[in-house]
1. Per DSSP H run of at least 4 residues, take -39500 (n - 2.57); add these up for chain B, divide by its residues and hand me the 222 nm value, nearest 500 deg cm²/dmol.
2. Per-residue ellipticity at 222 nm for chain A, helices alone: DSSP H runs ≥ 4 residues times -39500 (n - 2.57), over residue total, nearest 500 deg cm²/dmol?
3. Give me the number: length gained by fully extending B:H205 to B:K110, i.e. 0.36 nm times residue separation minus the C-alpha to C-alpha distance, one decimal in nm.
4. Need one number: % antiparallel among DSSP beta bridges in the range B:2-253, to the nearest 5.
5. Find the Cα radius of gyration of the range A:401-451, compare it with 2.2 N^0.38 Å by division, and give the number to two decimals.
6. Using DSSP to call loops (not H, G, I, E or B), can you name the GluC sites (Glu not before Pro) in the range B:58-142 whose Cβ has at most 14 other Cβ atoms within 10 angstrom?
7. Averaged across the residues of B:136-147, what count of C-beta atoms belonging to other chains lies within 10 Å of each residue's C-beta?
8. Report the charge-dipole magnitude of the range B:4-43 in Debye, nearest 20, computed about the Cα centre from +1 at each Lys and Arg Cβ and -1 at each Asp and Glu Cβ.
Amino acid sequence: MSTAVEPSISLLGLEAWAERPAGPGWLRELKALALESHRALGIPTTKHEEWKYTPLRGLTERRWTPGEPGPAVFQQELPRHEPNSVRVVLVNGRFDRNLSESGTPSPVTGEGAGGGGLTAKSLRDALTEDEALVRPWLGQVRPRTTQAVGREIKPDSHTFAELNTVVFEDGLFLRLQGEIAPLVEIVHVSTGEGQAFAPRVLILAEEGSRARIVETYVSDGTGPTFILPVTEVIVKEGAHLEHVRVQDESPESFHIANWQTHQAPRSEYHSYNVCYGAALARVDQGIWLDGEDTVTRLDGVVCASGDQHIDNHTRLDHAFPNGNSFEIYKQVVDDRATVVFNGKIFVHQDAQKTDAKQTNQALLLSPTATIDSKPQLEIFADDVKCTHGATVGQLEDLPLFYMRSRGVPKQQAEAVLVYAFAAEVLELITHEGVRQSLEKRLYEKLGVDLT
Amino acid sequence: MLQIHDLHAQVADDRREILKGLSLTVQAGEVHAVMGPNGSGKSTLANVVAGRETYEVTRGDILLDGESLLESEPDERAHRGVFMAFQYPVEIPGVSNTYFLRAALNARLKAEGKEEMDAMSFLKHIRAKVQLLGLSNDMLSRSVNEGFSGGEKKRNEIFQMAVLEPRLCVLDETDSGLDIDALQTVANGVNALRSPDRAFIVVTHYQRLLNFIVPDFVHVLMDGRIVKSGGKELALELEDKGYGWIEAEVGATA
Ligand SMILES: Nc1ncnc2c1ncn2[C@@H]1O[C@H](COP(=O)(O)OP(=O)(O)OP(=O)(O)O)[C@@H](O)[C@H]1O
Ligand SMILES: [Mg+2]
């Protein structure tokens with residue numbers, strides 16, 4: 001039964017997936033390479049260093065089937081953080097023209113203030129229609145070879161990202177040009193018990209562009225689903241992008257995501273990884289700083305309760321001088337939930353004058369809650385400033401009593417203090433609508449209705 | 001209004017007894033000053049009345065309007081009209097002062113079955129009180145007590161009291177650390193709230209405060225008990241002579 005190479009696709013019951021036809025020739029080549037890597041990597045066990053605290057038993061014990069197209073209409077309202085946003089919707093990994101700003105013909109395009117332009121279209125269409133834009137980046141955002149990464153530092157291997165490359169059929173191509181005034185919302189909806197989805201999102205923030213996007217993942221709670229999304233983001237020279245990622249899936253969902261960003265010189269990328277939902281969630285976020293004078297935020301807010309298991313692995317590569325990066329993770333763990341955080345920062349030999357700050361703080365609300373956190377700084381340059389700190393605490397007695405003595409009920413007082421803990425990150429999100437809806441969801445998760 | 005009867009309280013952790021048979025009766029409309037040496041149990045008394053779980057009542061009772069407070073949670077006591085101005089007000093980073101206070105007020109309105117206040121009517125409700133206590137807009141929007149000076153924290157306590165309009169107000173050394181002007185401001189805040197259906201227990205070390213907030217009774221708390229009570233002239237006597245003579249007196253009668 002145990003061979004050296006796990007037949008991993010069949011381990012998930014997804015053999016049928018590997019056989020689907022796959023677009024243009026260059027893509028088929030990409031997919032063939034990805035299949036090779038995925039086969040070699042298999043489905044990791046907890047013996048694997050990067051999966052030490054995250055057993056995948058719950059995932060591999062089930063049989064999954066390749067995702068079918070979802071329904072054309074939804075009973076419940078799809079998430080929207082801001083009434084005036086431009087919203088695009090992917091249902092079961094497929095770009096949905098009708099739900100993406102009803103009535104707008106595909107591709108969704110919009111003019112922002114200052115002559116900006118927004119293109120949002122099915123990735124499947126973009127593979128052929130926009131080959132010149134898509135091909136250089138798809139699957140290439142993260143340096144994959146030791147040669148590309150540099151002598152001393154190893155590239156990561158991401159078996160689920162490889163699997164996504166093998167099987168994805170559609171997703172979103174988003175191109176941002178100039179200044180985009182409205183908030184851009186990307187909504188991923190999953191529905192269909194026992195189905196697996198592999199949406200692929202490619203975001204191209206062109207030179208000098210400015211935009212704010214929020215990418216929200218939900219599932220409809222009608223049975224376990226498994227999503228293995230890959231989002232690739234290219235922030236070109238001088239571009240400024242705020243990217244909020246919200247994982248708010250129903251509590252029986254499985255979510256294993258890969259999120260890679262490439263930053264060109266003088267670009268700014270402010271990313272926020274908000275994790276509220278799913279039974280098992282793992283996000284691998286990588287940011288490659290490929291030029292001087294970059295500013296980067298990679299912050300996270302995690303709130304896990306019940307039996308949730310939420311794991312975030314971040315990796316930041318400072319490959320050029322004068323990069324500023326800030327990483328704050330605020331993690332709230334209640335009941336029997338487990339939260340894992342691993343934050344790698346590599347400062348490459350040439351990356352002099354790097355200024356990198358990493359903080360991760362956990363708040364344990366119950367004696368059976370678990371947090372495993374590991375900062376990992378590897379520095380190969382000599383003139384740099386790098387700091388990291390980690391704390392684990394509980395709600396303090398005195399502020400709770402203070403609030404209660406003024407009449408605030410216990411549960412609400414606790415929720416307010418938990419929010420205050422998370423607020424240090426949430427309040428950095430510049431879009432007020434997004435911030436408020438994330439605050440509201442956090443209170444809902446904590447069982448407090450603040451109306 | 002308030003009857004404390006033979007109250008014994010200990011620190012829950014180490015069972016050290018701090019209040020050792022304290023009795024005190026306060027009628028509506030009255031102001032009672034409580035004075036006493038450091039460590040005699042004044043703050044413990046205030047905290048036990050407010051319901052702090054650090055302390056365990058082992059004997060005796062606290063009645064508010066004839067009903068025991070002891071089984072009530074701190075927030076329920078607040079809804080019943082109890083308020084303590086903390087000797088050391090607590091900083092709560094990330095929670096704005098106005099948000100906090102509105103949540104507190106709305107929780108009580110809700111408990112009373114009344115309609116809650118929206119942000120606008122709340123701002124209207126507090127406007128006059130903000131002025132009375134000389135609070136700045138900045139202090140209102142900042143996190144609760146965070147980075148406030150000692151005096152600002154004390155003014156904020158009285159401001160909260162003015163907004164919540166409790167019936168039993170326990171002020172624990174609200175005068176400590178105040179400059180003369182702030183003392184006057186705080187006293188004005190308290191005096192504005194004095195009314196026939198409201199009572200005050202004012203814990204202080206200084207007779208000076210009692211020139212501004214004139215008490216009906218003055219009590220001396222020593223080693224967990226009220227050992228002497230009198231009128232406002234008792235405070236003057238204490239200022240003059242210290243606590244030694246009372247200790248001697250208590251020792252002689254014990
Ligand atoms: N949580 C606690 N744990 C241990 N000891 C305590 C605790 N709270 C109070 N005490 C002790 O009980 C005694 C009374 O303390 P309390 O704070 O009530 O005094 P106080 O009269 O308010 O003094 P001060 O005038 O200095 O404010 C002190 O000896 C104090 O150290
Ligand atoms: Mg005291």
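The values are calculated or read from the model by the stated rules, or taken from the named source; none is laboratory data. From a predicted model like this one, the values you see are computed outputs, not experimental measurements. Here Cβ is always computed from backbone atoms with ideal geometry, including for glycine, and neighbour counts include all displayed protein chains. Heavy atoms of the whole protein, side chains included, go into the accessibility calculation; ligands, DNA and RNA do not. Shrake-Rupley method; radii C 1.70, N 1.55, O 1.52, S 1.80 Å.
1. Working: 10 runs with 103 residues, N = 254.
-12000 deg cm²/dmol, from helical runs alone.
2. Mean residue ellipticity, 222 nm, calculated: -5500 deg cm²/dmol.
3. Details: separation 95, 0.36 × 95 = 34.20 nm, distance 3.73 nm.
So the chain would gain 30.5 nm between B:H205 and B:K110.
4. Around 60 percent antiparallel, to the nearest 5.
5. Working: Rg = 11.6 Å, N = 51, 2.2 N^0.38 = 9.8 Å.
In units of the globular-protein estimate, the range A:401-451 measures up at 1.18.
6. Counting only loop positions with at most 14 other Cβ atoms within 10 Å, the GluC sites (Glu not before Pro) in the range B:58-142 are B:E71, B:E112, B:E115.
7. Shielding by partners across B:136-147 averages 1.
8. Values: 4 positive and 5 negative charges, 18 e Å.
Approximately 80 debye in magnitude.
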